[in-house]
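Written out below as structure tokens is the structure these notes cover.
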Amino acid sequence: MSSLFLSAAHKSSGKTTLSIGLCAALKNRGLAVQPFKKGPDYIDPVWLGMAAGKPCYNLDFFVAGRQETIDDYCHRGRDADICLIEGNKGLYDGLDLDGSNSNAALAKAIKSPVILVIDVRGTMRGIAPLLIGYQVFDEEVNIAGVIANMTGGKRHEAKLRAAVEEYTDIPFLGALEHTDSIGLSERHLGLIPGNEDPHSEQKIAAIAAAVSDSVDLDRLIELSRQAGRVEPASLPLQHKAKFKGLRIGIARDRAFGFYYPGDLEAFEQAGAQLVPIDSIRDRALPDLDGLFIGGGFPERHAAELSANVSLRESIRQAIDNGLPAYAECGGMMYLSKSLSWNGENHAMVGALPASSSMHEKPQGRGYVKLAEDAELHPWMSPTQDARTLNAHEFHYSSLDGLPRDSQFAYQVRRGSGIQQLQDGLVYRNLLASYSHQRNTQSNPWVKRFLGFVKRNKPVTATDVASAL
């Protein structure tokens with residue numbers, strides 16, 4: 001497969017802007033572009049998926065494991081003309097000192113040529129030793145090109161190009177000038193998700209135009225063919241629709257949009273029907289067998305969420321009556337009694353006996369390891385053993401005022417969780433946590449949740465008749 005891995009020397013170098021522009025520009029040339037994002041991020045993939053016209057999938061050694069990540073990349077990219085992978089942080093940054101979780105490690109594993117995006121503000125000739133150092137540090141990494149970002153104009157670009165061409169053998173592929181016209185707005189967790197931005201399509205088009213004018217796309221396409229051949233170790237999983245007929249409500253709107261495409265596909269492949277719910281506009285829950293509320297930015301829409309009293313009451317009654325439900329981070333905040341931010345306090349669903357408060361600094365950030373409590377985890381079945389799960393968290397809020405007898409499904413081995421290294425608050429048939437899970441072979445949480453939903457679904461006369 002042809003591929004390009006966009007990385008940088010450090011975070012906030014402009015990788016996302018370049019990646020969005022390249023996805024859209026290559027798509028405009030008639031190429032089928034399959035985007036990927038390294039790490040657990042939700043927001044960048046939304047933009048990349050919109051730009052490419054295809055869902056963007058995450059590649060993450062920590063959450064999915066090395067071989068499953070490689071296999072997933074091969075299976076999802078096999079029909080594309082070109083795969084574009086956006087790294088996170090710097091090329092050699094990762095969890096461990098040995099670099100086994102770094103962008104460089106992933107690029108080598110999938111044999112993808114690397115394009116370095118360098119923030120060149122305040123830099124001219126100094127770009128050369130930086131690039132040479134990155135080449136020498138790990139000679140197995142194929143640094144196939146460089147794009148200068150945030151240049152001061154054509155004169156600055158010319159000096160950078162001359163330095164790169166004089167002192168290195170790395171192709172200089174172009175430069176983007178420092179301008180606010182193609183910038184993407186940011187907030188405390190990074191970029192504003194594309195699903196919340198009413199001007200997302202216009203912004204993508206503007207970025208694509210700037211990239212097309214400033215970057216040598218023909219040379220990039222040529223370099224993408226340097227990608228080595230990667231073979232998956234296993235065939236794509238064959239899914240059985242054993243949960244056919246289950247209706248799972250899913251909050252998908254401006255407030256909640258943090259969902260992995262692969263997880264949503266797993267629901268559908270299992271036979272479940274995902275029923276979209278707009279937490280701002282819908283007035284009541286439809287007929288459901290289960291409910292899933294993912295992460296998002298409920299604090300940004302707290303007034304609107306609070307004003308929808310009828311839906312809040314419908315959700316609270318459903319959970320009190322035993323509706324199986326799962327909520328992550330922002331979803332958990334929404335299910336709490338109230339949400340406080342910037343001196344304002346808004347009533348939320350009230351299904352959980354606690355309140356949410358926003359803080360100026362992160363209360364939990366990074367990868368987590370969760371040890372399941374076999375007796376308290378609601379999704380456990382008699383044939384399952386408790387396991388340790390790899391996931392991630394990123395929240396500026398805390399859940400306050402929990403009763404002392406609150407029960408938790410997880411002991412946090414790494415990370416922060418809700419309180420005192422506990423996460424996965426259990427209330428009736430609701431599991432709510434700050435940790436975000438991703439459906440993988442080692443953690444097939446979608447199947448486990450659906451199994452729990454099915455076990456708690458009331459048996460009807462129609463079910464009995466169909467079984468006869």
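Is it the case that some residue within segment 60-70 is within 21 Å of I170 (Cβ to Cβ) and part of a loop (DSSP other than H, G, I, E, B)? No, that holds for no residue. Taking every residue in segment 238-254 that is closer than 16 Å to K457 by Cβ and pairing it with any residue that is exposed (fewer than 13 other Cβ atoms within 10 Å of the Cβ) and of a type in the set (V, I, T), at least 6 positions away or on another chain, yields no pair with a Cβ-Cβ distance below 9 Å.
Checked against (1) buried (at least 16 other Cβ atoms within 10 Å of the Cβ); (2) modelled with pLDDT of 95 or more; (3) in a loop (DSSP other than H, G, I, E, B), T123 passes all but condition (2). Looking across segment 101-117 at every residue that is touching a Phe, Trp or Tyr at 6+ places or on another chain (Cβ under 8 Å) and assigned to a loop (DSSP other than H, G, I, E, B), the one that is farthest from I221 (Cα to Cα) is identified as N101.
How many of the residues making up segment 275-323 are aliphatic (A, V, I, L, M) and part of a strand (DSSP E or B)?
4
Residue count for segment 232-264, restricted to those that are buried (at least 16 other Cβ atoms within 10 Å of the Cβ) and either acidic (D, E) or under 29 Å from I70 (Cβ atoms) (or both): 10. Does S12 count as within 27 Å of N390 (Cα to Cα), in the same structural domain as V164 (by TED's automatic domain parsing) and modelled with pLDDT of 95 or more? So S12 does not fit the description; no.
Does L402 meet the test of being without any contact (Cβ under 8 Å) to a residue 12 or more places away in the chain, in the same structural domain as M333 (by TED's automatic domain parsing), surrounded by 14 or more Cβ atoms within 10 Å (Cβ to Cβ) and of a type outside the set (D, E, K, R)? Judged against the criteria, L402 is not a match. Scanning segment 314-344 for residues that are more than 28 Å from the chain's Cα centre (by Cα) and farther than 21 Å from D400 by Cα returns S314, Q317, A318, N321, G322.
Tallying residues that are over 19 Å from T17 (Cβ atoms) and either touching a residue at least 60 places away in the same chain (Cβ under 8 Å) or within 25 Å of the chain's Cα centre (by Cα) (or both) within segment 205-223 yields 3. For C83, the test of being in contact (Cβ under 8 Å) with a residue 60 or more places away in the chain and assigned to a helix (DSSP H, G or I) is failed.
Of the residues A163, A144, only one is in the same structural domain as A205 (by TED's automatic domain parsing) and out of contact with any Lys or Arg (no Cβ under 6 Å at 6 or more places or on another chain); which? The conditions single out A144. So, A107, is that one buried (at least 22 other Cβ atoms within 10 Å of the Cβ) and under 25 Å from G257 (Cα atoms) or not? Against the criterion (buried (at least 22 other Cβ atoms within 10 Å of the Cβ) and under 25 Å from G257 (Cα atoms)), A107 does not qualify. Selection over segment 292-345 of residues that are surrounded by 16 or more Cβ atoms within 10 Å (Cβ to Cβ), farther than 28 Å from P458 by Cα and among the aliphatic types (A, V, I, L, M) gives a count of 4. Of the listed requirements (1) assigned to a loop (DSSP other than H, G, I, E, B); (2) touching an Asp or Glu at 6+ places or on another chain (Cβ under 9 Å); (3) surrounded by fewer than 19 Cβ atoms within 10 Å (Cβ to Cβ); (4) among the small types (G, A, S), S416 misses just one: (3).
The values are calculated or read from the model by the stated rules, or taken from the named source; none is laboratory data. The structure presented is a predicted model; accordingly, all values stated were derived computationally and were not measured. Using ideal geometry, Cβ is built from the backbone for each residue, glycine included, and neighbour counts are taken over all protein chains shown.
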